[in-house]
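**Student:** One structure coming up, written as structure tokens, with questions to follow.
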Amino acid sequence: MGVLDPVVPRVLATRIIPRIDRSLAAAFGFDGDRLNAAGLITCDLDDALYAALDEATKHAGVEVVFARSFYAGSAHASGATSGEILGILAGTDPEEVARGLGACVRCLESEAHFYSANADGSVTFFPHVISSLGHYLSREAGLAVGEPMAYLIATPLESVYAVDAALKAAEVRLVKHFPPPTETNYAGAYLTGSLEACEAAAKAFAAAVVEVATEPRRPR
Amino acid sequence: MSTRRLMQELRQAASRHHVAAAPAPRPASSAKPARGASELERPRPRPASDPALLEKLKASTPAKIGVGRAGLRYRTQTLLQFQTDFAVAKAAVESQVPEGWAEEHGLLPIQTEAVDAEQFLVRPDLGRRLPEEALRLVRERCERSPDVQIVVADGLSATAVMQHAPSMIASLAESLAVHGRRLGTGVFVRHGRSKVIDLVGEAVGARVGVILIGERPGLGTGDGMSAYLVWDPRPERTDAEKQAISNIHRRGLSPEEAGRHAARVIEAIFAQQTSGVKLDLRGLPAPQGRASEPKPRVNQAHAEPLLGCGQSHGQSCPQCREGKPGRTCGRSEGRPCQASASA
């Protein structure tokens with residue numbers, strides 16, 4: 001693996017529940033009478049799935065009713081199918097949920113990738129630009145549906161150093177910050193601005209992460 | 001521009017400068033490829049494990065089972081069948097027993113406190129009450145203290161009682177005669193509900209009351225009739241004290257068999273001097289099943305004349321063209337039936 005090679009997320013398990021039990025739905029905080037069907041997905045890269053779940057809301061009549069990262073990340077997962085995140089989509093019928101899961105998987109396969117920050121792939125990061133937010137991340141970020149956003153995640157020190165670089169590189173503003181420690185001990189931020197500004201910010205972020213990862217201890 | 005292109009640009013720029021070695025061609029993910037999107041979306045075919053059994057089940061009921069679907073919706077054929085069945089149900093509710101029908105069948109006609117069909121539908125309480133003049137008429141004209149008092153009420157399907165009540169009464173009378181039971185003067189109650197049997201039964205002092213009433217139509221049955229049997233009819237009798245014989249129609253319990261079965265139940269009522277939930281019918285043979293062969297599906301469900309003209313004809317009914325030789329349909333002769341009136 002070389003620097004800036006994509007790290008493609010692996011979908012580990014998926015299931016569709018055509019008609020979810022109402023009490024279980026209520027436990028997840030959604031109305032099982034209205035949203036009958038649920039789609040479950042686990043993936044070995046949490047931020048990739050958060051972005052892909054958001055993408056799904058643009059392709060099908062589904063809502064993200066649950067999405068949480070697991071502690072310590074996929075290298076320390078509880079099982080081969082656990083990965084580091086469980087996402088749950090819910091919709092009014094199984095067909096919609098299947099379409100939503102399909103869009104989610106497509107996004108993971110083609111777009112929502114991590115990247116390697118050094119030559120051996122021992123440091124990875126997520127410099128993801130979303131040109132148009134879906135219903136899920138717009139809610140999480142407090143932005144309007146359709147707005148562009150840079151979803152920038154990296155290892156702890158890199159994240160701070162690189163988010164600063166990103167904010168200085170373009171007309172973007174910090175929307176939400178995720179300081180370490182987190183469940184997976186990655187950290188980062190949501191930035192927004194024009195699409196071009198988000199792209200420039202993501203590039204600056206990536207360059208800064210790579211800079212640290214390839215030369216962690218810089219003599220002063 | 002996708003993030004992937006952005007990173008590609010960055011990588012190319014980096015390789016031109018000092019950062020790291022030129023990257024190798026991107027290795028394919030070493031893991032087994034993720035389950036493809038198309039695989040998830042493809043609807044999984046779920047063939048019936050036993051198609052012959054499914055066909056048998058489908059043939060056993062007019063209910064719409066195993067009808068399939070088109071996307072998320074019913075198929076056109078199913079939708080049309082729903083609309084047809086609903087129209088039949090509505091027509092049955094709106095059907096009326098014509099003037100003169102009761103007299104033709106030897107019944108004394110009276111009416112509840114509901115002044116017309118519309119009020120009967122919106123004021124169910126009025127359908128339970130009989131005006132004093134109606135009760136006076138019953139006391140004057142009906143035989144007093146009979147063993148069994150029969151009342152026919154239109155209920156929610158006049159079609160049903162017109163089609164089935166005469167045959168059931170004939171069969172019931174024949175069976176009761178065998179046991180030497182004295183049958184009272186039959187009464188027809190317009191806009192009546194099952195409660196009126198208690199009022200009429202008390203007025204004549206009957207030991208057992210029987211009411212034949214048009215059932216609330218469902219999808220697939222607009223012509224179902226029920227019989228409720230009650231020991232010592234009095235206004236304070238509850239529904240729990242009434243014995244029901246339901247689904248009397250040509251595709252369910254035939255009116256003739258229903259009459260014979262009702263006679264057996266009446267004998268049990270006399271023997272135990274109670275009716276309804278307290279009545280023990282365990283010694284009784286079950287009624288003899290279906291009226292006819294299992295009914296065919298789809299559109300033939302109502303091939304029989306639901307809205308016919310109320311009489312048996314030696315030939316096709318001149319009024320409605322619905323009547324078939326030897327069958328009874330829903331209206332008296334000389335009067336246009338709904339089918340021909342709306343045609």
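Each reported figure results from applying straightforward, stated rules to the coordinates on display, with no laboratory input. All values reported here derive from a predicted model rather than from experimental measurement. Neighbour counts are summed over all protein chains in view; Cβ atoms, including those assigned to glycine, are modelled from backbone coordinates with ideal geometry.
**Student:** Under 13 Å from the Cα of A:K203, which aspartates and glutamates turn up, not counting those fewer than eight places away in the same chain?
**Tutor:** Once the sequence-local aspartates and glutamates are set aside, what remains near A:K203 is A:D164, A:E211, B:E9.
**Student:** For the pair B:Q8/B:V122, report the inter-label distance in nm, with labels modelled 7 Å from Cα in the Cβ direction.
**Tutor:** 7.2
**Student:** For the range B:128-275, what does the convex hull of the Cα positions come to per residue, in cubic angstrom?
**Tutor:** Value for the range B:128-275: 93 Å³ per residue.
**Student:** Evaluate Rg over Rh across chain A, taking Cα atoms for both radii and Kirkwood's formula for Rh.
**Tutor:** 0.99
**Student:** In addition: Which cross-chain or sequence-distant (5 or more) residues have an amide H under 5 Å from the amide H of A:A13, H modelled 1.01 Å from N in plane?
**Tutor:** A:T42
**Student:** Quick one: net charge of A:I85's neighbours, Cβ under 10 Å, K/R +1, D/E -1?
**Tutor:** With Lys, Arg at +1 and Asp, Glu at -1, the net is -4.
**Student:** Taking only DSSP H segments of four or more residues, each worth -39500 (n - 2.57), what value at 222 nm results for chain A once the sum is divided by all its residues, to the nearest 500 deg cm²/dmol?
**Tutor:** It comes out at -11000 deg cm²/dmol, rounded to the nearest 500.
**Student:** Then there's this: What chymotrypsin sites (Phe, Trp or Tyr not before Pro) in the range B:72-137 are in a loop by DSSP, with at most 13 other Cβ atoms within 10 Å of the Cβ?
**Tutor:** none
**Student:** What list of ³J(HN,Hα) couplings, whole Hz, do you get for the range A:61-74 from phi and the Karplus terms 6.51, -1.76, 1.60, once you set θ to phi - 60° and write x for glycine and proline?
**Tutor:** x, 10, 10, 7, 9, 7, 7, 9, 7, 9, 5, 6, x, 6
**Student:** Using the membrane-span-like helix rule (whole DSSP H runs, Cα extent along the own axis of at least 27 Å, mean Kyte-Doolittle hydropathy at least 1.0), which helices of chain A qualify? If you can, show how the numbers build up before the last one.
**Tutor:** On the way: long enough: A:195-214 (28 Å, 1.14).
Those that pass (Cα extent of 27 Å or more, hydropathy at least 1.0) are A:195-214.
**Student:** If you take the Cα Rg of the range B:51-103 and divide it by 2.2 N^0.38 Å, with N the number of residues, what do you get?
**Tutor:** 1.70
**Student:** Once every Cα of the range A:52-158 carries one equal point scatterer and solvent is ignored, give the base-10 log of I(q)/I(0) from the Debye formula at q = 0.24 Å⁻¹, two decimals.
**Tutor:** Taking Cα atoms of the range A:52-158 as identical point scatterers yields -1.41.
**Student:** Taking 28 Å as the cut-off for C-alpha to C-alpha distance, list the pairs among A:K58/A:K176; B:K64/B:K278; B:K56/B:K195; B:K90/B:K195; B:K58/B:K90 that go past it.
**Tutor:** Working: A:K58/A:K176 22 Å; B:K64/B:K278 36 Å; B:K56/B:K195 40 Å; B:K90/B:K195 23 Å; B:K58/B:K90 25 Å.
Cα-Cα > 28 Å for B:K64/B:K278; B:K56/B:K195; rest within.
**Student:** Which whole-number value in Å³ per residue fits the convex hull of the alpha carbons of the range B:203-289?
**Tutor:** 107
**Student:** Turning to a different aspect of this structure: Which value, in Å to one decimal place, does the Kirkwood hydrodynamic radius take for the range B:170-232 when every pair of different Cα atoms is included?
**Tutor:** 13.1
**Student:** Let me ask something else. Which Rg and Dmax, in Å, describe the Cα atoms of the range A:1-71?
**Tutor:** 14.5, 49
**Student:** Same structure again: So if I take the centroid of the Cα atoms in the range B:74-108 and the same for the range B:128-163, what is the distance between those two points in Å?
**Tutor:** If you average the Cα positions of each part, the centres end up 22 Å apart.
**Student:** Which of A:H113, A:H128, A:H76 moves the most in a Gaussian network model of chain A with Cα springs under 10 Å?
**Tutor:** Maximum fluctuation in the GNM of chain A, among the listed residues, is at A:H76.
**Student:** Follow-up. Just to verify a number: FRET efficiency for A:L174 and B:L72, C-beta to C-beta distance, R0 = 41 Å, to 0.05?
**Tutor:** For R0 = 41 Å, the calculated efficiency reads 0.45.
**Student:** How would A:T155, B:T78 line up from fewest to most surrounding beta-carbon atoms within 10 angstrom?
**Tutor:** Lowest count first: B:T78, A:T155.
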